[in-house]
Amino acid sequence: MSAPTSSDYGASNPSAGAKPVDGSRPSLVIVDDPAPRVRRITLNRPEKRNALNNPLRGDLLDALRAADDDPEVRVTIIRGAGPSFSAGYDLGGGNEGTDLPHFTAGGEGQWPRHVTESWMSIWDLAKPVIAQVHGYCLAGGSELATGCDLVYVAEDAKMGYPAVRFGVPDMHFHAWFLGMRAAMEMMITGDSISGVQAVELGWANRAFPADDLDAEVLKVAQRIALIPSDIVQLNKRTVHRAMDVMGLRAAIRSGTELCALGIHQESFKAFIEDSKEKGLVAALQERDEPFGDYRTAEKHEV
């Protein structure tokens, strides 16, 4: 299958179909309504594999809240333009000159607390949100998808957190959604799992061939849209409240302190210095080269 492009999603270039934000720039999401009562939000930085910089995260959160407040919408889908759902947070300077999308108290650990608050806020929306995952779903991208109520994946999607090879994740969801053994393996290797494995382990609902993913996710959304929102929101919360009682939200919040601790480790400092000297791309290439995956995978293919 050829990788989806922004033209596949109703746009002929990366900014087409996007609405201006405060008159100064186009939105980094494309919003459409593919079926009655179904809202769809497409992350639209395909040239960056939808790396999550502050403007993109802000546009996404704004679009989600607008859908939640729209009486004509009963369910929302999030997907990515281009070859991937999202390759994670933008580490290449994409946040320079921008503000965080919403206030988070400053001090040690502000960043991991900020992003986990963002993704957990999806749980607090009244209406269900579906993550439609193809290609890479890494690091912050996997956090975003985890924060959604339902996750449907392409069979050949890759979900992982390669940043554990030099630091500590912002949002510690793995043990909750993958089980201890699989979570431990991913957390101490940085290896990814396929869409099929993600379903087997419980992180995703179902996997489909990549060519069928759009249509199959839309079918699920249309079934949800048949049920009145006042009922759906209560049933959505019964599941989330049960997870909260078991400690999920408290565990994820406490994990942000471990993330903050991670940046003070000598190995992390060494990686940052290395990336300053060699450049980020070269440092990441060197990080993944021994494993033969992610950005180095093509060099190891026979």
When MET187 is run through (1) within 27 Å of ARG253 (Cα to Cα); (2) in a loop (DSSP other than H, G, I, E, B), the failure sits at (2)
Report the residue count in the stretch 136-150 for those that are under 15 Å from LEU213 (Cα atoms) and surrounded by fewer than 24 Cβ atoms within 10 Å (Cβ to Cβ). 1
Given the criterion touching a Ser or Thr at 6+ places or on another chain (Cβ under 6 Å) and touching a residue at least 24 places away in the same chain (Cβ under 8 Å), identify the matching residue among PRO83, PRO101, PRO112. PRO112
All positions within the stretch 144-156 that are among the aliphatic types (A, V, I, L, M) and either in a helix (DSSP H, G or I) or within 15 Å of GLY190 (Cα to Cα) (or both): LEU144, ALA145
Which of the residues belonging to the stretch 261-281 are outside any helix (DSSP H, G or I) and surrounded by 12 or more Cβ atoms within 10 Å (Cβ to Cβ)? ILE263, GLN265, GLY279
Residues of the stretch 151-160 being buried (at least 24 other Cβ atoms within 10 Å of the Cβ) and under 30 Å from HIS264 (Cα atoms), in sequence order, are LYS158, MET159
Failed condition for ASP230, given (1) within 18 Å of the chain's Cα centre (by Cα); (2) acidic (Asp, Glu); (3) surrounded by fewer than 13 Cβ atoms within 10 Å (Cβ to Cβ), with all others met? (1)
The one condition in (1) closer than 24 Å to LYS158 by Cβ; (2) part of a loop (DSSP other than H, G, I, E, B) that ILE78 fails to fulfil: (2)
Out of curiosity, is ALA81 crowded, with 24+ Cβ neighbours inside 10 Å, more than 21 Å from ALA215 (Cα to Cα), in contact with a helix residue (DSSP H, G or I) (Cβ under 7 Å, 6 or more places away or on another chain) and among the hydrophobic types (A, V, I, L, M, F, W, C)? no
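Conditions (1) assigned to a helix (DSSP H, G or I); (2) more than 24 Å from the chain's Cα centre (by Cα); (3) at pLDDT 90 or above, marked per residue:
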{"position": "ALA242", "(1), (2), (3)": "yes, no, yes"}
{"position": "ARG253", "(1), (2), (3)": "yes, no, yes"}
{"position": "THR256", "(1), (2), (3)": "yes, no, yes"}
{"position": "CYS259", "(1), (2), (3)": "yes, no, yes"}
{"position": "ALA283", "(1), (2), (3)": "yes, no, no"}
{"position": "PHE291", "(1), (2), (3)": "no, no, yes"}
{"position": "VAL302", "(1), (2), (3)": "no, yes, no"}
Unique match (being of a type outside the set (D, E, K, R), part of a helix (DSSP H, G or I), farther than 24 Å from GLN197 by Cβ and at pLDDT 95 or above) among GLY141, GLY58: GLY58
Residues of the stretch 248-260 being over 13 Å from GLY167 (Cα atoms) and exposed (fewer than 15 other Cβ atoms within 10 Å of the Cβ), in sequence order, are ALA250, ALA251, SER254
Matching residues in the stretch 218-227 - criterion: being within 22 Å of SER121 (Cα to Cα) and either under 21 Å from the mean Cα position of the chain (by Cα) or exposed (fewer than 11 other Cβ atoms within 10 Å of the Cβ) (or both): ALA221
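In the list THR116, THR98, which residue meets the criterion of being hydroxyl-bearing (Ser, Thr, Tyr) and surrounded by 24 or more Cβ atoms within 10 Å (Cβ to Cβ)? Walk me through it before giving the result.
On the way: THR98 fails: surrounded by 24 or more Cβ atoms within 10 Å (Cβ to Cβ).
Criteria check complete, one pass: THR116.
The values are calculated or read from the model by the stated rules, or taken from the named source; none is laboratory data. Please read these numbers as outputs of a predicted model, since none were measured by experiment. For neighbour counting, all protein chains shown are included, and Cβ atoms are generated from backbone atoms with ideal geometry for every residue, glycine included.
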